[in-house]
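*Asks:* Have a look at this one before I ask anything.
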Amino acid sequence: MKSYLLIRHMKVHNANAMSSTLTIGVPAVTAWMGAVHALERKIRQQEIWHHIRFPGAGISFHHCSLQVFKSSIDSVYLIRGTANPSKPKNKNEGKAQNNKISSDMRKLKPPSFIEEPRIHLDISLLLEVEGLDGDNDEEFLDCVRQLLPSMKMAGGDILEIGKFRLCYADRDHPQEERKVLSALMPGFVLIERDDLIRQMTESGADSLQALLDYLKITRTARKDENGNIDGWDYSRKGNGWLVPISVGFKGISELGNVENQRDPSVLHQFVENAVTLGEFRMPYRFDHVDDILWHYEYDSKNSLYLCSNHA
């Protein structure tokens, strides 16, 4: 019998939409797993809950609103960013403006602008819980209710949380597991589809090209009897809602120590994002809860620090 903490309809404002250096969209899996780990650490600070663990997490997306707008010039979608107020070029001009507002805007220096893509989300989290005995479930839920609203979630602010609930299911009883999965409806859970990339790389294809082959959309012209274009057909490789997702990091340097690192007692390593193929799929299409849960995975041989889901 496994225990699960269900957090329904959590509304997150201005989450980080830059999931990697290559992709923009829903936050990276590492962002969600990091938030779950932070919640676990806060709970474990209380003596009564020092044995609690969250070894796996599933994410169901109910609504996403990426903060972009469509350019009226070339119909390209652009990031809806925010800009800070202009700054005076020097301190003397700044003091003068405190006494009298200058009408000469050329004296103001625009601050440097860094694009920060943001997204508003309505999600549900399903966390696997280890360490509960069933005797103090309400106390545990009260602890989560107190801690979660004060936290950040994937870089965003938590505006509202629906319901907290503990669920129990046995893998040998599919009906119990389906009941847990149905609680994530209506929504789309994110799973890993690196199996599609592995199939192509085993036949000699490059991994990046394999990823792009599944993401690209091919447009083919339909022609009438006279050879004139009568319409367009669109096709893509593979079935389902396939997307690129960031699932962790790949080490690009040796483990060691560097100058000014945060914690000298921990070995340091430079890394880059690990991007693979993912799929949004409705929860009712799964038979087991384990199929939607993400876990940490470390591959020391290849210097891979990953969040893994083997649905």
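The values are calculated or read from the model by the stated rules, or taken from the named source; none is laboratory data. Since this is a predicted model, take the numbers as computed values, not measurements. Cβ: placed from backbone, ideal geometry, glycine included. Neighbour counts: every protein chain shown.
*Asks:* Are any residues in the stretch 182-203 over 20 Å from the mean Cα position of the chain (by Cα) and touching a residue at least 24 places away in the same chain (Cβ under 8 Å), and if so, which ones?
*Replies:* Of everything in the stretch 182-203, those that are over 20 Å from the mean Cα position of the chain (by Cα) and touching a residue at least 24 places away in the same chain (Cβ under 8 Å) turn out to be SER182, ALA183, LEU196, ILE197.
*Asks:* So, one more: With the requirement that a residue be among the hydroxyl-bearing types (Ser, Thr, Tyr) and either at negative phi or within 18 Å of the chain's Cα centre (by Cα) (or both), what does the stretch 268-311 give you? Spell out the reasoning first.
*Replies:* At the first step, the residues of the stretch 268-311 found to be among the hydroxyl-bearing types (Ser, Thr, Tyr) are 276, 284, 296, 298, 300, 303, 305, 308.
THR276, TYR284, TYR296, TYR298, SER300, TYR305, SER308, listed by residue number.
*Asks:* Quick one: in the stretch 261-285, of everything that is in contact with a helix residue (DSSP H, G or I) (Cβ under 6 Å, 6 or more places away or on another chain) and not aliphatic (A, V, I, L, M), which residue is farthest from ALA31 (Cα to Cα)?
*Replies:* My answer is PRO283.
The rows are residues; the columns are (1) under 28 Å from LYS237 (Cβ atoms); (2) hydroxyl-bearing (Ser, Thr, Tyr); (3) buried (at least 18 other Cβ atoms within 10 Å of the Cβ).
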position: ASP157; (1), (2), (3): no, no, no
position: ARG178; (1), (2), (3): no, no, no
position: ARG193; (1), (2), (3): yes, no, yes
position: GLU202; (1), (2), (3): yes, no, no
position: GLN209; (1), (2), (3): yes, no, no
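*Asks:* Among the β-branched types (Val, Ile, Thr), closer than 30 Å to ALA169 by Cβ and at pLDDT 80 or above: is that true of ILE123 in this structure?
*Replies:* Numbers: among the β-branched types (Val, Ile, Thr): yes; closer than 30 Å to ALA169 by Cβ: yes; at pLDDT 80 or above: yes.
When the stated conditions are applied, ILE123 passes them.
*Asks:* Could you list, in sequence order, the residues of the stretch 286-302 that are of a type in the set (A, V, I, L, M) and touching a helix residue (DSSP H, G or I) at 6+ places or on another chain (Cβ under 8 Å)? Quick ask: steps written out before the conclusion?
*Replies:* Keep residues of the stretch 286-302 that are of a type in the set (A, V, I, L, M), which gives 289, 292-293.
Those that are of a type in the set (A, V, I, L, M) and touching a helix residue (DSSP H, G or I) at 6+ places or on another chain (Cβ under 8 Å): VAL289, ILE292.
*Asks:* Just to be sure I understand, how many residues within the stretch 221-255 are in a strand (DSSP E or B) and either modelled with pLDDT of 90 or more or under 28 Å from VAL189 (Cα atoms) (or both)? Explain how you work it out, then say what you get.
*Replies:* First pass over the stretch 221-255, keeping only residues in a strand (DSSP E or B): 221-223, 229-235, 241-251.
Next, from what is left, pick out any that are either modelled with pLDDT of 90 or more or under 28 Å from VAL189 (Cα atoms) (or both): 234-235, 241-251.
Residues in the stretch 221-255 being in a strand (DSSP E or B) and either modelled with pLDDT of 90 or more or under 28 Å from VAL189 (Cα atoms) (or both): 13 in total.
*Asks:* In this structure, is ARG193 more than 23 Å from LEU306 (Cβ to Cβ), basic (Lys, Arg) and modelled with pLDDT of 90 or more?
*Replies:* No: the conditions fail for ARG193.
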